[in-house]
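Encoded as structure tokens, the structure appears first; notes follow it.
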Amino acid sequence: MTVMSLRSFYILFLLLQLPAYVTLMVLSYGSRPWLFFASEVMLVAVAALAAVFFRKVMRPMGALNDAMDLLRADDWNVRLRTTGQPDIDRLASLFNDMMGRLHDQRVSILEQRHLLSLLAEVSPSGIIVCGFDGEVRICNPAARRMTGSDTVPDAIRDLSDGTDATFRRPDGTVLRCSRRHFLENGVRQSFYIIENVTDPVTSAEKEAYEKLIRLIAHEVNNTVAGLTTALGVLEGFGEDSDAIISACRDRAFGLSEFIGRFADVVRMPDPVRSPVELGKAVAGMSAFLESMCSQRGITLHIDVPERGPVVDVDWPMMEQVLVNIVKNAAESISRPGGVISVGVCANPVSVTVTDNGSGITPEKAGKIFTPFFTDKPSGQGIGLTFVREVLARHGFGYSLSTDSDDGLTRFEIRLSGGI
């Protein structure tokens, strides 16, 4: 049902008044002069009161309606002037007070949002805000650097609300992720905080395995020294006993050499850099790498440019890095037709080792650079740890992952400081 406005009631009231007074004046004209003149006076009085009512009430109400239209259009700066009519002025005062508060609240919200936007832009932590439908609304530069996109990675999206988790990426980066929520306009919104904790985690791991290796090396070396001394005393009692003593001594030295390989990772010196023509240096390793692959029936391809690029690097260290990577790739190939490719790119400067082995599962990708981790029966878990240490000391970036499209596993080393 349509509700009649106050203006319509006012016009209807006037229209109903006028016929009554006109009729009364017509009927009393000539017969009752006093009633005729009284009707005229009443008509003039009603007209005057209608004009006053229009000026005092109807016009301010019209202004108030216009102000409400501006409020509906989000114009928060409008204010009403006082009219001298107490009821209307009280309503105008309330309206002006409400508009002032809404204006202040809106300015405060805009300022807070601007501050939060600036903080998110310069924050070293990644911040991703998603709407109730899961669409990304905010993704700051740090989050884009860490995730490599403007979307939420599946592993992070699957986090339950209020939980934290740590992920290790194929390039060795360790990310700590938290998922929380907030309410905006009564709607639940999710947000993610992503922190790069690679340095503290790597330092803690390094400190832990350094202590462990030193402890083991100390105990093993002391034991081997005492054992070899005792075995030396027992020599000379017969050929059979000498053969047994020799085998025990060889096993003791093998154990000492075994633990020494772990200790070499701890005692690794700082790199001594010098200019090296990368393509020529990699090509010079072809004979050794081919012999290592041919023993397993694996075909090796080396693709390097004719000249350059020249990089500032400790080549003996990097040479051992490539040996470890190719050896790791060869051990992952357990079927005929294995192929390993070593390629050098000049722009950007990088070395990539590609193999068609069994690949790296997502579960393994998060642990592969962890010290002592190995999935090989005879593995020691120090090959990639050594690689990680050398590349970190050089400041080179790296990544190891299996491409889901072609099934090939690639270890890419991104070398900086090309000359």
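The values are calculated or read from the model by the stated rules, or taken from the named source; none is laboratory data. Quick caveat: nothing in here was measured; it's all calculated off a predicted structure. Positions of Cβ are backbone-derived with ideal geometry, glycine not excepted, and every protein chain shown enters the neighbour counts. Areas reflect the complete protein model, heavy atoms only, side chains present, ligands, DNA and RNA absent. Shrake-Rupley method; radii C 1.70, N 1.55, O 1.52, S 1.80 Å.
Please count how many residues of region 117-126 are within 14 Å of Cys139 (Cβ to Cβ) and in a helix (DSSP H, G or I).
3
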Gly148 vs. criteria on the phi > 0 side of the Ramachandran plot and modelled with pLDDT of 85 or more: no
Filter result for the condition that a residue is more than 20 Å from Ser399 (Cβ to Cβ) and surrounded by fewer than 16 Cβ atoms within 10 Å (Cβ to Cβ), over Arg157, Arg179, Arg145: Arg157
In region 265-315, the residues that are among the aromatic types (Phe, Trp, Tyr) and more than 17 Å from Ala329 (Cα to Cα): Trp315
Qualifying residue in region 127-143 (condition: touching a Gly at 6+ places or on another chain (Cβ under 9 Å), part of a loop (DSSP other than H, G, I, E, B), modelled with pLDDT of 70 or more and not basic (Lys, Arg)): yes
Yes/no for Asp89 being part of a helix (DSSP H, G or I), touching a Ser or Thr at 6+ places or on another chain (Cβ under 8 Å) and surrounded by 11 or more Cβ atoms within 10 Å (Cβ to Cβ): yes
Evaluation of Glu412 against (1) modelled with pLDDT of 85 or more; (2) more than 27 Å from the chain's Cα centre (by Cα) (one fails), failing number: (2)
Candidates Leu102, Leu71, filtered to the one that is open to solvent by less than 90 Å² (accessible area, probe 1.4 Å), of a type outside the set (Phe, Trp, Tyr) and at pLDDT 75 or above: Leu102
Options Ala45, Ala20; residue that is surrounded by 12 or more Cβ atoms within 10 Å (Cβ to Cβ) and modelled with pLDDT of 70 or more: Ala20
Subset of region 279-296 that is more than 41 Å from the chain's Cα centre (by Cα) and of a type outside the set (A, V, I, L, M, F, W, C) - its residue that is farthest from Gly338 (Cα to Cα): Gly284
Tabulated pairs, region 260-278, first more than 12 Å from Arg214 (Cα to Cα) and among the hydroxyl-bearing types (Ser, Thr, Tyr), second at pLDDT 80 or above and in a loop (DSSP other than H, G, I, E, B), C-beta under 9 angstrom, 6+ apart or interchain: Ser274/Asp314
In region 333-342, the residues that are open to solvent by 30 Å² or more (accessible area, probe 1.4 Å) and either in contact with a Phe, Trp or Tyr (Cβ under 6 Å, 6 or more places away or on another chain) or under 17 Å from Thr402 (Cβ atoms) (or both): Ser334, Arg335, Val339, Ser341
Verdict on Thr202 being hydroxyl-bearing (Ser, Thr, Tyr) and either at pLDDT below 85 or under 30 Å from Glu389 (Cα atoms) (or both): yes
Boolean, Asn185 is more than 16 Å from the chain's Cα centre (by Cα) and surrounded by 15 or more Cβ atoms within 10 Å (Cβ to Cβ): no
Criterion: acidic (Asp, Glu), closer than 29 Å to Ile360 by Cα and either touching a strand residue (DSSP E or B) at 6+ places or on another chain (Cβ under 9 Å) or at pLDDT below 75 (or both) - qualifying residue of Glu219, Glu195: Glu195
Some residue of region 369-387 being hydrophobic (A, V, I, L, M, F, W, C), modelled with pLDDT of 85 or more and under 20 Å from Val282 (Cβ atoms): no
